[in-house]
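Trainee: Structure incoming, see below.
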Amino acid sequence: MKSLVGAALAGAVTIVSAGIAAAQPAADALPGANNWSCAPSAAHPVPVVLVHGTNAGSVATWKTVAPALAAEGYCVFALDYGRMPPGSVDLLNMLGTADIAASARELSAFVEKVRAATGAAQVDLVGHSQGGVVARQYLRFEGGADPADPGANKVRKVVMLGATNHGSTFGDVQYLGAVAEKFGIPVVSLLNSILGPSYVQQMVGSPFLRALNEGGDTEPGVDYTVVASRDDKISSPPENTFLTAGSGATVHNTWVQDVCSSAVVDHMQLTTDPVAVHIVKSALDPVYAANVPAPC
């Protein structure tokens with residue numbers, strides 16, 4: 001049994017550590033992002049806010065996407081979120097580990113800062129992994145969307161890359177942990193202590209995801225593009241990311257391999273691979289989608 005618990009914990013640490021840089025520089029060091037004097041153009045009047053995932057900050061996640069969007073003329077902003085509060089037990093002390101509801105409140109405050117700086121009524125969100133779930137929590141519970149008056153939504157479009165919308169098994173980690181729990185070993189508590197609560201909240205069937213998804217996946221007036229890769233072993237199974245459109249919403253569920261059949265794109269490469277970046281640009285701007293072919 002000790003070996004089973006060890007395998008679950010070791011696997012969890014390995015999976016959520018994928019793509020982590022040795023250090024996590026602040027988002028203001030991200031090229032192309034957080035120019036607070038940026039004035040939205042007529043071609044791209046809606047600022048873009050980038051939302052990273054678990055244990056990987058903005059610089060590591062958006063080093064390709066942020067300058068690519070800035071080069072297209074977007075005002076691009078990125079936040080770092082989700083550190084555990086001082087005094088908490090969080091052995092890794094990484095970004096994106098805190099309670100997802102608290103992280104959504106951080107996103108809400110950041111969006112207000114962006115709206116105030118740019119004068120824009122709405123923003124577009126691009127979220128990777130947990131970042132997509134944080135975006136949806138913000139839309140539903142923290143004022144990002146107004147179901148009674150979708151015209152007052154603060155978000156126009158959401159683009160999600162490997163988001164854990166309907167939970168992840170994280171490979172075999174959830175199965176191994178469930179077996180250990182049946183033998184009275186508190187694997188969930190151990191994972192919370194080592195990795196922070198957001199990891200367990202993203203597991204298939206978690207109380208957090210049940211509450212988020214109750215009543216449907218989407219908000220009226222929001223356009224969603226949900227991107228998955230068949231090579232994703234972290235947000236797994238990868239099709240769990242896809243959403244079902246509710247009333248007044250639009251959903252585009254897209255496999256990277258449907259755009260370029262030969263593409264091999266893992267979880268972190270969803271933010272750097274040229275095909276994935278093309279999908280992001282196309283989702284944000286239909287003119288780009290019509291004029292620029294995918295780099296297959």
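Every number in this text was worked out from the coordinates using simple rules, so none of it is lab data. The shown structure was predicted, so the numbers you read here are calculated from the model rather than taken from an experiment. Here Cβ is always computed from backbone atoms with ideal geometry, including for glycine, and neighbour counts include all displayed protein chains.
Trainee: With θ set to phi - 60° and the Karplus curve 6.51 cos²θ - 1.76 cosθ + 1.60, what are the ³J(HN,Hα) couplings of region 110-125 in order, to the nearest whole Hz, using x for Gly and Pro?
Mentor: 5, 4, 4, 5, 5, 4, 5, 6, 9, x, 7, 6, 10, 10, 9, 10
Trainee: Turning to a different aspect of this structure: For labels at residue 245 and residue 287 in the simple 7 Å Cα→Cβ model, what's the distance in nm?
Mentor: 2.4
Trainee: Between region 263-296 and region 193-239, what's the alpha-carbon centroid distance in Å?
Mentor: Here the two parts' Cα centres lie 21 Å apart.
Trainee: Amide H to amide H under 5 Å from residue 123: which residues, 5+ apart in sequence or cross-chain, H placed 1.01 Å off N in plane?
Mentor: Distant-sequence amide H within range of residue 123: 155, 156.
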